[in-house]
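Read through the structure below, which is laid out as structure tokens, and then see the notes.
The values are calculated or read from the model by the stated rules, or taken from the named source; none is laboratory data. Given the structure is predicted, the values throughout are model-derived calculations rather than measurements. Cβ placement follows ideal geometry from the backbone for every residue including glycine, while neighbour counts extend to all protein chains displayed.
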Amino acid sequence: MKHSLLCLYAALFSLTLCGCSDDTEMDILDVSVPDGYALSAGTSTIFLNSSKAFDTPADWVSGAFATRFNRGDRLYDDVRTGSNSYGGGLGPVYAGYSCGSCHRNAGRTKPTLWSEGGSGSTGFSSMLVYITRKNGAFFQDYGRVLHDQAIYGVQPEGKLSVTYTYETFSFPDGDTYELCAPSYAITEWYADSIKPEDLFCSVRIPLRHVGLGQMMSLDPHEIEQLAARSNYPEYGISGRCNYISERGVTSLGLSGNKAQHADLTVELGFSSDMGVTNSRYPEEICEGQLQMSQGSMMGLAYDRLDVSTGDMEDVDLYMQSLGVPARRNIDDPKVMQGEENFYRAKCHLCHTPTLHTRPRGSVLLNNTQLSWLGSQTIHPYSDFLLHDMGSEIMGVGLNDNYVSGLARGNEWRTTPLWGVGLQEKVNGHTYFLHDGRARNFVEAIMWHGGEGEASKNIFKNMSRDDRDALIAFLNSL
């Protein structure tokens with residue numbers, strides 16, 4: 001049975017902008033959809049196929065919001081320096097020197113895991129390295145993230161290297177595919193070396209910043225209802241919510257690889273990723289470490305915050321106001337065949353095609369409301385739930401042994417697929433999964449274990465033509 005979404009898209013063609021707050025005059029947007037396209041995010045859908053497809057404002061961004069959007073865009077992309085002046089505050093240790101260093105064009109910068117074999121040599125690595133003891137505790141001389149970069153004159157916390165083991169497998173029809181399993185090692189520890197047998201290390205490449213405003217506007221009750229009924233024992237699927245307690249409030253987790261955050265972590269990103277202090281995280285990330293004294297010797301002072309709350313909210317606004325690329329080539333017979341195969345493989349049981357945003361939209365970190373994101377029908381292809389993906393493949397599988405909130409090491413949030421077909425155009429690569437081990441869509445599918453096992457096996461047993469069609473459908477998203 002065909003589960004095409006074309007009828008739903010057609011019904012959305014005449015959407016109007018809704019969900020405005022009581023004191024805001026409602027604007028009307030006439031959404032005109034070009035032939036061959038389909039709306040992905042209601043009135044926030046844009047029709048770009050270029051390298052700026054993730055990095056363009058939605059059409060409703062105008063006036064004062066456009067000014068703030070542009071300011072947030074600059075703050076997102078501008079390179080931080082290790083000075084005490086405005087735009088400084090980098091370090092003493094860090095992972096990236098700007099949001100855009102890891103999220104080029106609001107996407108996924110090509111990971112140095114493949115280009116440099118681990119930690120980057122040009123001031124960023126386009127990845128985060130989470131480290132814990134095997135009992136789950138943090139190391140005394142380190143935080144949750146290994147900072148493998150540092151400003152001039154300061155020693156990084158350590159350096160990551162990766163080696164890959166390759167193995168070739170066959171589909172039943174004789175076609176072959178290759179998987180590569182990563183093995184990570186950390187060297188050049190700034191403090192006493194940590195023994196590998198006492199270390200869990202989880203590597204994460206950046207996520208695409210597509211549809212973040214829509215994600216933050218999701219109706220949490222709809223996600224909880226999905227969890228309540230997403231039990232498909234015949235396919236081994238049973239998704240669940242992650243709940244996060246932050247600042248005394250327990251909330252539904254939505255963002256991050258394990259749905260381990262209830263917001264977009266702008267403040268945490270400035271602090272942990274760049275070493276930029278702010279009102280929520282006023283201490284340096286290397287507080288108490290020798291890098292503090294090294295930074296002082298380089299002229300750094302630690303008696304002021306490096307970024308204001310207003311600036312951080314402008315970054316939050318920028319991220320939530322980006323347009324979402326429309327689906328493309330929806331009337332192509334191969335894509336339509338692939339859409340049928342997507343449902344045939346039961347991919348939709350986790351990669352839920354259609355969700356809805358709550359009436360009043362989202363609220364930014366300093367309480368600005370984005371009502372324009374409210375009451376929209378969206379197509380993220382995700383249920384934003386946790387699923388067990390951890391069956392061993394090549395002796396490793398997708399269990400990273402890293403606990404995040406309620407998420408166990410073998411559990412991962414379903415990755416939203418909107419925009420995934422444009423990643424190569426935006427960022428010049430097709431590395432997928434949390435650590436970029438998959439070099440293309442086929443490898444990403446074949447790494448699925450646990451609750452993804454049934455879908456993987458259905459895909460595996462398809463004909464070459466049907467497999468190619470499913471990949472064509474993913475490229476249309």
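Observations
- Filtering Asp316, Asp332, Asp311, Asp303 for residues that are among the acidic types (Asp, Glu) and more than 29 Å from the chain's Cα centre (by Cα) leaves a single hit, Asp303.
- When the range 138-161 is filtered for residues that are over 25 Å from Gly82 (Cα atoms) and in a loop (DSSP other than H, G, I, E, B), the ones remaining, listed by number, are Phe138, Phe139, Gln140.
- Checking Tyr164 against (1) at pLDDT 95 or above; (2) not in a strand (DSSP E or B), the condition it does not meet: (2)
- Any hit, the range 94-102, residues being more than 19 Å from Glu188 (Cα to Cα), of a type in the set (Gly, Ala, Ser), modelled with pLDDT under 95 and under 23 Å from the mean Cα position of the chain (by Cα): no
- Taken over the range 454-470, the criterion of being surrounded by fewer than 18 Cβ atoms within 10 Å (Cβ to Cβ) and under 23 Å from the mean Cα position of the chain (by Cα) is satisfied by no residue.
- Taken over the range 327-382, the criterion of being β-branched (Val, Ile, Thr) and assigned to a strand (DSSP E or B) is satisfied by Thr357, Val363, Thr377, Ile378.
- Residue match in the range 350-362 (condition: surrounded by fewer than 24 Cβ atoms within 10 Å (Cβ to Cβ), free of Cβ contacts under 8 Å to residues at least 60 places away in the same chain and not hydrophobic (A, V, I, L, M, F, W, C)): no
- Contact map, the range 123-134: residues that are among the polar types (S, T, N, Q) paired with residues that are part of a strand (DSSP E or B), Cβ distance under 7 Å, separation 6+ or inter-chain. Pairs shown: Ser125/Gln149; Thr132/Phe200.
- The set of residues in the range 95-114 being touching a His at 6+ places or on another chain (Cβ under 7 Å) and under 14 Å from Ser272 (Cβ atoms) consists of Ala95 alone.
- Test: residue in the range 125-140 that is hydroxyl-bearing (Ser, Thr, Tyr), surrounded by 15 or more Cβ atoms within 10 Å (Cβ to Cβ) and closer than 15 Å to Leu199 by Cβ: yes
- Among the residues of the range 44-86, those identified as in contact with a Ser or Thr (Cβ under 7 Å, 6 or more places away or on another chain), aliphatic (A, V, I, L, M) and assigned to a loop (DSSP other than H, G, I, E, B) are Leu48, Ala58, Val61, Val79.
- Identity of the residue in the range 113-124, out of contact with any strand residue (DSSP E or B) (no Cβ under 8 Å at 6 or more places or on another chain) and assigned to a loop (DSSP other than H, G, I, E, B), that ends up surrounded by the fewest Cβ atoms within 10 Å (Cβ to Cβ): Thr122
- Enumeration of residues in the range 81-99 that are touching a residue at least 12 places away in the same chain (Cβ under 8 Å) and of a type outside the set (S, T, N, Q): Gly82, Gly88, Gly89, Leu90, Gly91, Pro92, Val93, Tyr94, Ala95, Gly96, Tyr97, Cys99
- Top-ranked residue in the range 47-80 [being closer than 30 Å to Arg144 by Cα and touching a residue at least 60 places away in the same chain (Cβ under 8 Å); ranked as surrounded by the most Cβ atoms within 10 Å (Cβ to Cβ)]: Phe54
- Residues that are free of Cβ contacts under 8 Å to residues at least 24 places away in the same chain and either farther than 29 Å from Gly158 by Cα or touching a Phe, Trp or Tyr at 6+ places or on another chain (Cβ under 8 Å) (or both) are absent from the range 309-319.
- Leading residue by the ranking (nearest to Ile471 (Cα to Cα)) among those in the range 408-427 that are of a type in the set (Gly, Ala, Ser) and buried (at least 21 other Cβ atoms within 10 Å of the Cβ): Gly421
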